[in-house]
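So the structure is just underneath, and the comments pick up after that.
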Amino acid sequence: MRIALTSALLLAGLSAAAADTAKDPSGTWLTEDGRAKIRIDRCGPGQAQVCGKVVWLKVPTTESGAPRTDIKNPDPKKRTRPVLGLPLIESLKPDAGKFSGDIYNIEEGKIYQVSIERESGAELSVSGCILKVLCGSQTWTKVPDVNQQAAISAPEAPAPKAAPKPAAKPAPAP
């Protein structure tokens, strides 16, 4: 009986751990409009919270070629921050199967209440509200992780071709 009870408790614990992993929003997510990829990781005390930052932009530079910056931020000192690497989600806390807290909207320079919930292995539901009255949601899609250096730097030009080898000289006649 003791072995059966211990086995049942062990299996219940493993099932709970598997369920927690299935709901874990960690990973890289493509926004619904396809214009950005957000990397979400565990953070905070005991890694119980989640944080997210921009790791890729479809259009990473302005028309002049300069990196996109946080130009709509209400704090003038922060308007020169590059968007790539910018934290959007800070310390969302677990809340009944999802994570809730605040998200920064770069396009408006505003902070909204948000909850995120992993719907499946490949989909993340992101729901935001203004004053708990005006709400909207979108679905982000899981994508492979982004190479951080490749996301930040411009694509390299192809390597120059090696100079052709000189033709072999004919052997002198005897």
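Overview of values
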| quantity | calculated |
| --- | --- |
| Matching option when the condition is modelled with pLDDT of 90 or more and either farther than 26 Å from residue 144 by Cβ or in a helix (DSSP H, G or I) (or both), among 53, 37, 93 | 93 |
| Any hit, the range 124-145, residues being touching a residue at least 60 places away in the same chain (Cβ under 8 Å), farther than 14 Å from residue 26 by Cα, surrounded by 14 or more Cβ atoms within 10 Å (Cβ to Cβ) and not basic (Lys, Arg) | yes |
| Subset tally (residues that are without any contact (Cβ under 8 Å) to a residue 12 or more places away in the chain and assigned to a strand (DSSP E or B)) for the range 80-90 | 0 |
| Condition broken by residue 142, with the remaining ones in (1) at pLDDT 95 or above; (2) not in a strand (DSSP E or B) satisfied | (2) |
| Close pairs from the range 98-110: first of a type in the set (Asp, Glu), partner at pLDDT 95 or above and outside any strand (DSSP E or B), Cβ under 8 Å, at least 6 apart | 107/72; 108/72 |
| Restricting the range 56-79 to residues that are assigned to a loop (DSSP other than H, G, I, E, B) and charged (D, E, K, R), the residue that is farthest from residue 24 (Cα to Cα) | 63 |
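The values are calculated or read from the model by the stated rules, or taken from the named source; none is laboratory data. Because the structure is a prediction, the values reported are computed rather than measured. Virtual Cβ from ideal backbone geometry, glycine too; neighbours counted across all protein chains shown.
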